[in-house]
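Heads up: the structure comes next, in structure tokens.
The values are calculated or read from the model by the stated rules, or taken from the named source; none is laboratory data. Everything numeric in this text was worked out from a predicted model, so none of it was measured. Note that we place each Cβ from the backbone using ideal geometry, even for glycine, and neighbour counts take in every protein chain shown. Protein only, heavy atoms only, side chains kept; ligands, DNA and RNA dropped before computing areas. Shrake-Rupley method; radii C 1.70, N 1.55, O 1.52, S 1.80 Å.
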Amino acid sequence: MRTTSLPVVGITSATVDVPPVKGFARYAVTHAYVHCVRQAGGLPVLLPHVEPELASEVLSRLDGLLLSGGRDVDPSLYGEEPLPACGESDAARDTFEIALAHRACEEGLPLFAICRGVQLLNVARGGTLIQDVPTRVAGALAHSQKTLRWDAYGHHVDVVANTRLAGLAGAPRVRVNSDHHQAADRVADGLVVSARAHDGTVEALEDPRLPWCLGVQWHPERMPDDPLTRRLFADFVEAAHRRQAEGSAKPAAARGVQ
Ligand code: MN
């Protein structure tokens, strides 16, 4: 039996190969994710990639899952050939995270997806991605802003009424930062768009049938003091806390989730 009261939030990681010991990849996340989970009262743990078959084992130790940012998702995972402008992918990370996202949805585990995370969520649920917004979307906004200081907003997004995000945003239009060149294309069945940029780019997705499943295309963690960042992380960690209090989940079939 668990004795702690802090909800445990697993944060997925990237593999990086950096000095001083080149040739030995490390698992890494930016401190910003850890800071925001702590700020909201959660206990962050970093998740290395292990075999996709272990997704349920991993999730059984968690009260919430945070899919972090990173490289492009391999287009073959949504049935497309890579375009020249598509970036490199990380096969081990992709397959592990798809299994995690899939199982987290099946089990109703609170899931917060950020940047690559929301793209991964859409692919895991059967959707597709725009491989390169600048070259594929006529009149696209600059979604790769040069400055990403905590107070640097890139563009605004229009929030869809009657969504979880709308309740947290508190306004129909909010300013966000932007550091992505891909975005959701065909939205997976069961997910709804909860924000769009004014060039049409999907900026947030959620699953209204699940206890807490929300993804944003921007980087709230890079603006830790932004009011919407605080509300997003607080609401997510609160859901993780409820999950912890409830103990083991109800069978997925009881909620009609595939
Ligand atoms: Mn954007």
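Brief remarks on what is shown
- Meets criteria (over 30 Å from residue 136 (Cα atoms), more than 16 Å from the chain's Cα centre (by Cα) and modelled with pLDDT under 95) for residue 18: yes
- Test: residue in segment 116-131 that is without any contact (Cβ under 8 Å) to a residue 24 or more places away in the chain and away from the ligand (no atom under 14 Å from the Cβ): no
- The numbered conditions (1) touching a residue at least 60 places away in the same chain (Cβ under 8 Å); (2) not in a loop (DSSP other than H, G, I, E, B) are all true for residue 188 except (2).
- Selected residue [acidic (Asp, Glu) and more than 10 Å from the ligand (Cβ to nearest atom)] from 207, 179, 199: 207
- Some residue of segment 214-232 being aliphatic (A, V, I, L, M), open to solvent by 20 Å² or more (accessible area, probe 1.4 Å), in a strand (DSSP E or B) and within 16 Å of the ligand (Cβ to nearest atom): no
- Any hit, segment 88-100, residues being in contact with a strand residue (DSSP E or B) (Cβ under 6 Å, 6 or more places away or on another chain), within 14 Å of the ligand (Cβ to nearest atom) and not aromatic (Phe, Trp, Tyr): no
- Counted residues, segment 188-213 - those being open to solvent by 30 Å² or more (accessible area, probe 1.4 Å) and under 21 Å from residue 87 (Cα atoms): 0
- Some residue of segment 233-256 being modelled with pLDDT under 95 and either within 16 Å of the ligand (Cβ to nearest atom) or under 25 Å from residue 129 (Cα atoms) (or both): no
- For segment 154-169, taking the residues that are in contact (Cβ under 8 Å) with a residue 12 or more places away in the chain, away from the ligand (no atom under 16 Å from the Cβ) and not small (Gly, Ala, Ser), the one that is farthest from residue 207 (Cα to Cα) is identified as 168.
- Listed by position, the strands (runs of 3 or more DSSP E) contained in segment 1-79 that have at least 3 residues being open to solvent by less than 30 Å² (accessible area, probe 1.4 Å) and touching a strand residue (DSSP E or B) at 6+ places or on another chain (Cβ under 9 Å) are 8-12, 64-67.
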